[in-house]
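The values are calculated or read from the model by the stated rules, or taken from the named source; none is laboratory data. As the structure is a prediction and not an experimental result, all values here were calculated from the model. When we count neighbours, we look across all protein chains shown, and the Cβ atoms used for this are built from the backbone with ideal geometry, even at glycine.
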Amino acid sequence: MTYDDGGVACTEDALVIRRYYFPFGDKRIPYTKIEQVQRRPMAGLTGQWRIWGSGDFRHWYNLDPGRPRKTVQFVIHTSGGRVLPVITPNDPDRVRSELTAHGVRVTTT
């Protein structure tokens, strides 16, 4: 079971966030390093208009020009991580299924 929408990929052993680092570097997070993932609704004041980067130095959004049309975000909590990666996959339900299949706890807020 794998998922790849060009911006987010779930591989056999890790979550890959594409276009995370400037200018186009990927971030690879092994599932064993993910403590939990929060699935949250997204609106104008909660990241929907953030195309890339951070507004609060705590949450980091990868480059996603399609984010303004999306309504769901996943906040990734990793062991030892101060900055929380945030992803907005094209198919949130499928990503949730992939993460839980790899033993990652996904909560909804």
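Which residue pairs have Cβ atoms closer than 7 Å, lie 6 or more positions apart in sequence or on different chains, and pair a first residue in the range 10-31 that is surrounded by fewer than 12 Cβ atoms within 10 Å (Cβ to Cβ) with a second residue that is of a type outside the set (Val, Ile, Thr)?
Cβ pairs passing all conditions: Asp13/Pro30; Asp13/Tyr31.
Which condition number in (1) surrounded by fewer than 16 Cβ atoms within 10 Å (Cβ to Cβ); (2) of a type in the set (Asp, Glu); (3) in contact (Cβ under 8 Å) with a residue 12 or more places away in the chain is the one that Asp64 fails?
(1)
Does any residue in the range 86-109 that is among the small types (Gly, Ala, Ser) come within less than 8 Å, Cβ to Cβ, of a residue that is outside any loop (DSSP other than H, G, I, E, B) and surrounded by 13 or more Cβ atoms within 10 Å (Cβ to Cβ) six or more places away or on a different chain, and which pairs are these?
Going by the 8 Å Cβ cut-off, the qualifying pairs are Gly103/Tyr31.
Please work out which one of (1) part of a loop (DSSP other than H, G, I, E, B); (2) at pLDDT below 95; (3) not acidic (Asp, Glu) is the condition Leu45 fails and give its number.
(1)
Given Asp26, Asp93, which one is under 19 Å from Arg105 (Cα atoms) and not in a loop (DSSP other than H, G, I, E, B)?
On the way: Asp26 fails: under 19 Å from Arg105 (Cα atoms).
When all the criteria are applied, what remains is Asp93.
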